[in-house]
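This report concerns only the one structure given below.
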Amino acid sequence: MPATTESNQGSFLGRISIRRNQVMSMDGSHDQELEDLELFQKHVGDRFSELPADDLLSIAWLRRLLDEFLCCEAEFKAVVLMGRDPSHLAKPPLDRLLPDLLDRVVKSLDVCNAVTLGLDALKNLQRLAEIAVVALHHSPLGDGQVRRAKKALAALLAAMLHEDATAKATERSRSFGRRQGTATAKASPRSFSCTMARNWSASKQIHAMLSNLAAPRGNESSGLAQPVYVMGSVLVFVMWALVAAVPCQERNGLGTHFPLPRQVGWAQPMVSLQEKIAEEWKKKEKKGTVGLLDEIQRMEKLGHSLVEFADSFQFPAEADRLEEVKKQVQELSDICTRMQDGLEPLQLQIREVFHRIVRSRNEFLVVLDQAGKLSTPPL
Amino acid sequence: MDLSSRKSDVERIEGNKEELVQILEDMDVFLLTVGANGGEDVPDCVYVLPKLLEHMLDNYNRGRNKFGEDETYDDSFLDVANRIYKLSTCCSCSITLILDQTSSVLEKAMSLLEKDLCSILEDPKTQDKSFSFGSHSDLCVIFDTDSPNPPQQEQDHDHQDFFTNLSTNKISILSKIATTMIVVGYETECCMAFANFRRSAFKTALQRYGYGSMRMDDVSKMSWESLEKEITTWNQVVRHCTTMLLNAERRLYDSIFPNQPFISQSLFSDLVRHVIIHLLNFAQGAILTKWSTEKLFKFLDMYETLREDIIGYSCLEPCASEVTYEISTAKDRIVKAIVAMFCDLKNSIKNDNERIPVANGAVHPLTRYVMNYLKYACEYKDTLEQVFEQGQSVNITRVDIYNDKSIEEVEDVGTPKDSPFALQLMSIMDLLDENVEKKSNLYRDLALRYIFLMNNGRYIVQKVKGCSELHDMMGDNWCRRRQSGLRLYHKCYQRETWSKVLQCLKLEGLQGTRNKVSKQLVKERCKCFNSMFEEIHKTQSTWMVVDEQLQSELRVSISSLVIPAYRSFVGRFKQHLESSRHIDKYIKYHPEDIELLLDDLFDGNAMTMTRKRI
């Protein structure tokens with residue numbers, strides 16, 4: 001840009017501001033709208049950057065994540081629906097983008113259900129861990145208690161592996177009963193089969209949700225297409241994080257690549273979180289583990305360590321070994337407490353997300369319906 | 001402590017009931033006093049009992065005994081285990097070694113018990129009961145046996161408690177095992193086994209009754225034909241579940257944990273929550289589909305299913321509030337959907353704007369559709385009343401209803417009801433009326449217009465009168481008004497079509513010059529009458545009046561107008577034509593002919609005169 005004199009600039013800017021005033025006087029609400037849309041994106045970025053980076057994927061973190069999601073969703077609805085002429089929503093590109101989003105929304109309902117079931121499975125793991133804690137707390141520690149703890153921990157570790165294995169496996173004999181092979185997935189006393197529909201796959205669902213999720217280009221990037229894209233990204237990210245954390249049916253092959261724009265302000269916090277989680281996922285996927293939920297990861301480590309102890313246990317055990325074990329048992333007990341306090345509220349929250357999503361989808365459909373009627377004039 | 005003597009001790013005691021009782025008593029005494037005497041004097045029983053337990057365990061594990069077969073043996077086993085547990089918790093240092101052994105044998109005992117618990121719960125007989133839901137007779141079995149307290153003894157019987165299919169004997173074993181495990185501190189293992197097996201059993205049972213897991217995504221995209229069937233199944237499954245299965249489950253827990261109500265309740269409520277949400281997810285999925293009018297009745301069915309008191313919420317703590325919330329959320333959504341469907345119906349009526357009138361003035365398909373719809377809807381009248389009460393704050397605005405004249409009822413007798421649902425009905429009827437009227441304006445022939453209005457009006461009134469709920473809703477006054485409206489149309493029709501004809505048959509005005517009847521004028525009148533009549537006959541025979549009574553009313557009224565007039569005209573003026581040639585050309589018809597020809601009217605057939613010419 002060539003150097004301009006002060007006066008030139010002044011007049012140039014002066015012209016711009018006049019034009020702006022003209023625009024404002026014609027359509028003052030339009031600027032307000034644009035501001036709202038921008039604010040929405042900024043808020044999304046803010047919210048995700050406020051999520052703590054440590055304690056990633058712990059129960060508490062997930063609960064925060066869901067809270068932020070609900071806030072984003074509420075703001076999105078306000079920005080897109082309130083005070084808006086319904087016919088705007090029926091115009092391209094929204095006539096394609098909104099139904100896409102709503103379809104994604106319905107898919108996420110299935111994810112919510114799967115995650116709820118996964119949390120049920122985690123509750124079982126918690127109970128197994130509690131058995132071990134109670135047994136190992138016993139003083140003096142005898143053979144019987146150690147065996148009991150070992151059995152519970154072995155079941156715990158096996159369940160962790162199995163929960164991640166495909167739902168096709170029917171032989172989960174951690175129980176002692178004789179099994180006649182039947183087609184229905186068998187229960188065992190220490191776990192229960194996932195009950196999403198057959199052939200449902202969390203990873204495929206997420207993958208499907210990601211399809212068609214593309215940033216609007218060109219002149220579509222102003223206007224409502226952008227917040228719709230942002231909301232879609234937020235939704236898929238949250239669902240993806242949940243699936244990564246909580247054992248759900250068929251998570252193998254969960255994609256770690258996320259098509260989020262890297263340079264854009266609102267997306268950056270999500271991108272950095274996503275990258276961290278993806279890294280963890282890749283590490284663990286090789287080992288075949290139960291889920292990135294922080295509490296479960298720690299439980300797994302402790303489980304292995306305590307099983308080792310149990311294997312080598314002979315009555316009476318040495319004092320320092322016992323001290324060590326005591327610390328680990330305490331840690332395990334703390335995890336159980338966190339799960340005890342957190343799993344139930346998390347489940348309720350997911351259900352809340354479920355209901356909110358259904359409600360919002362319906363509101364959108366009502367408006368779209370109105371818009372459809374407005375665009376086809378009566379005869 | 002000689003091992004071999006211990007062994008023989010053990011075997012001796014095992015076989016001898018009195019010795020067993022004695023040793024248990026010794027132990028009890030020891031346990032009471034162990035605190036006091038500081039564990040100095042450790043009696044024999046402390047060493048023998050663990051060995052005894054070990055021995056009994058051995059028997060079980062090697063299959064020499066089977067838990068559940070010998071009640072006495074089992075009870076003894078449990079008693080011994082019980083004492084061992086108490087021993088293991090008493091903190092007397094001098095017997096630490098014993099404590100380790102006791103804890104060890106106790107663990108083994110609990111393992112055995114857990115194993116047996118699981119094998120009973122997992123028993124193929126419990127799980128794989130082949131019960132087919134499909135056959136009608138089975139359905140009758142389910143829904144006829146309504147007795148609230150089926151006798152426990154009948155648990156082996158196929159009908160009652162077929163679901164749990166656990167005999168009294170098995171239940172008692174389970175109860176004993178459970179009690180022991182709980183007392184010994186193995187409550188978690190015990191509860192986990194129950195929770196997991198029962199959940200699985202429930203899932204299987206539901207699957208057998210046709211309800212499996214589904215994806216919200218799939219359900220929301222189902223075609224209506226498939227979804228309809230699924231909803232029917234769902235209704236049956238839910239009712240069956242809440243009336244039979246869950247009650248049976250409750251009884252099961254109560255019998256297994258008679259002394260631990262907290263555990264029983266907690267297990268039950270957890271299961272209920274899981275099952276109910278599982279079932280509700282389908283309903284939520286169904287509600288995701290488009291809310292169009294034809295879905296009304298199935299949605300009403302779903303609402304009715306959810307309206308039933310599910311279990312009695314007092315048993316559901318601590319999950320009661322969550323379950324209640326889930327159910328009422330689902331119901332609310334259904335209410336919204338139903339209200340929207342009525343709006344959809346109203347919009348369809350408003351937007352039914354074809355420009356081509358129905359052929360022959362017949363009843364319009366929309367009239368039929370709406371009236372049949374409303375009639376069917378009134379079968380669900382009570383439910384719909386509830387729905388609209390609930391939905392009142394949501395969608396219906398009284399404003400658009402207040403604009404209807406139908407609200408201006410003053411008299412008490414025959415006043416239509418003014419419940420929200422009744423107002424909906426009223427508003428739909430008004431819209432239908434408007435629409436019919438609009439459509440009638442498409443007919444250029446005024447007479448046909450009135451026939452159309454009569455046809456449709458009649459159809460509507462008949463439908464209302466034929467359905468007592470609908471009649472109640474609309475009220476007598478409404479019916480009377482409609483009927484007087486119909487009479488008005490009738491008069492208009494008559495005037496429109498027949499007044500000119502009657503003009504031809506007037507007895508006056510036939511005088512020509514010199515006040516004599518003009519032959520010419522008479523001839524003209526006859527020609528006029530004939531051509532008009534023939535024209536009317538040709539046209540109006542193709543018109544349709546399906547309602548037989550209306551048809552005959554019309555014919556009768558026309559006859560009573562035309563025939564006497566014709567008769568008197570002919571009677572009066574025939575003579576003047578007697579001398580003419582071709583009198584038949586002018587007086588073509590006998591009055592009886594006219595009568596017959598009038599019978600052709602409104603038959604919807606194209607008739608030609610010549611065929612009927614006598």
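Here are some notes:
- B:S531 being under 23 Å from B:L453 (Cβ atoms) and assigned to a helix (DSSP H, G or I): no
- Residue in region B:236-259 that is within 14 Å of chain A (Cβ to nearest Cβ) and assigned to a helix (DSSP H, G or I) present: no
- Considered as a group, the residues in region B:121-139 that are buried (at least 16 other Cβ atoms within 10 Å of the Cβ) and within 9 Å of chain A (Cβ to nearest Cβ) include one that is modelled with the lowest pLDDT, and that residue is B:Q127.
- Region A:210-241: number of residues that are under 24 Å from the mean Cα position of the chain (by Cα) and either in a helix (DSSP H, G or I) or free of Cβ contacts under 8 Å to residues at least 40 places away in the same chain (or both): 19
- Close contacts from region B:419-434, counting a first residue that is assigned by TED's automatic domain parsing to the domain that holds B:G457 and on the phi < 0 side of the Ramachandran plot and a second that is of a type in the set (V, I, T) and assigned to a helix (DSSP H, G or I), with Cβ to Cβ under 6 Å and a gap of 6+ residues or different chains, come to B:L423/B:I401; B:S427/B:I401; B:L431/B:I349; B:L432/B:I349; B:L432/B:V370.
- Residues in region A:325-343 include at least one that is under 26 Å from A:L122 (Cα atoms), under 16 Å from the mean Cα position of the chain (by Cα) and crowded, with 17+ Cβ neighbours inside 10 Å.
- Within region B:573-591, residues that are in contact (Cβ under 8 Å) with a residue 12 or more places away in the chain reach partners that are among the acidic types (D, E) with beta carbons closer than 9 Å, at six or more positions or on different chains, in the pairs B:K588/B:E534.
- Extreme residue, modelled with the highest pLDDT, among residues of region A:135-150 that are farther than 14 Å from A:S312 by Cβ and either at the interface with chain B (Cβ under 7 Å from one of its Cβ atoms) or assigned to a loop (DSSP other than H, G, I, E, B) (or both): A:R148
- Of residues in region B:220-235 being assigned to a helix (DSSP H, G or I) and of a type in the set (G, A, S), the one farthest from the other protein chains (Cβ to nearest Cβ): B:S226
- If only residues of region B:189-199 that are at the interface with chain A (Cβ under 7 Å from one of its Cβ atoms) and in contact (Cβ under 8 Å) with a residue 12 or more places away in the chain are counted, the one that is nearest to A:R127 (Cα to Cα) is B:E189.
- Within region B:307-345, restricting attention to residues that are closer than 12 Å to B:V387 by Cα and more than 14 Å from every other protein chain (Cβ to nearest Cβ), the residue that is modelled with the highest pLDDT is B:F342.
- Residue match in region A:75-86 (condition: surrounded by fewer than 19 Cβ atoms within 10 Å (Cβ to Cβ) and either in contact with a Leu (Cβ under 7 Å, 6 or more places away or on another chain) or facing chain B (nearest Cβ under 9 Å) (or both)): yes
- Residue that is of a type in the set (A, V, I, L, M), in contact with a helix residue (DSSP H, G or I) (Cβ under 8 Å, 6 or more places away or on another chain) and closer than 23 Å to B:L598 by Cβ, where the choices are B:L510, B:L505: B:L505
- Only one of the numbered conditions (1) assigned to a helix (DSSP H, G or I); (2) within 21 Å of B:L550 (Cα to Cα); (3) among the hydroxyl-bearing types (S, T, Y) is not met by B:S427, and that is (2).
- Boolean, A:A245 is buried (at least 17 other Cβ atoms within 10 Å of the Cβ), touching a Gly at 6+ places or on another chain (Cβ under 6 Å), closer than 20 Å to A:E50 by Cβ and not β-branched (V, I, T): yes
- Taking region B:327-377 as the range and being aromatic (F, W, Y) and touching a residue at least 12 places away in the same chain (Cβ under 8 Å) as the test, the residues that pass are B:F342, B:Y373, B:Y376.
- Selection count, region B:200-219, where residues are within 24 Å of the chain's Cα centre (by Cα), facing another protein chain (nearest Cβ under 7 Å) and assigned to a helix (DSSP H, G or I): 4
- Residues that are among the basic types (K, R) and either at the interface with chain B (Cβ under 7 Å from one of its Cβ atoms) or crowded, with 21+ Cβ neighbours inside 10 Å (or both), drawn from region A:105-134: A:K107, A:R127
The values are calculated or read from the model by the stated rules, or taken from the named source; none is laboratory data. Quantities reported herein were computed from a predicted structural model and do not represent experimental measurements. Glycine gets a Cβ as well: all are built from the backbone with ideal geometry, and neighbour counts include every protein chain shown.
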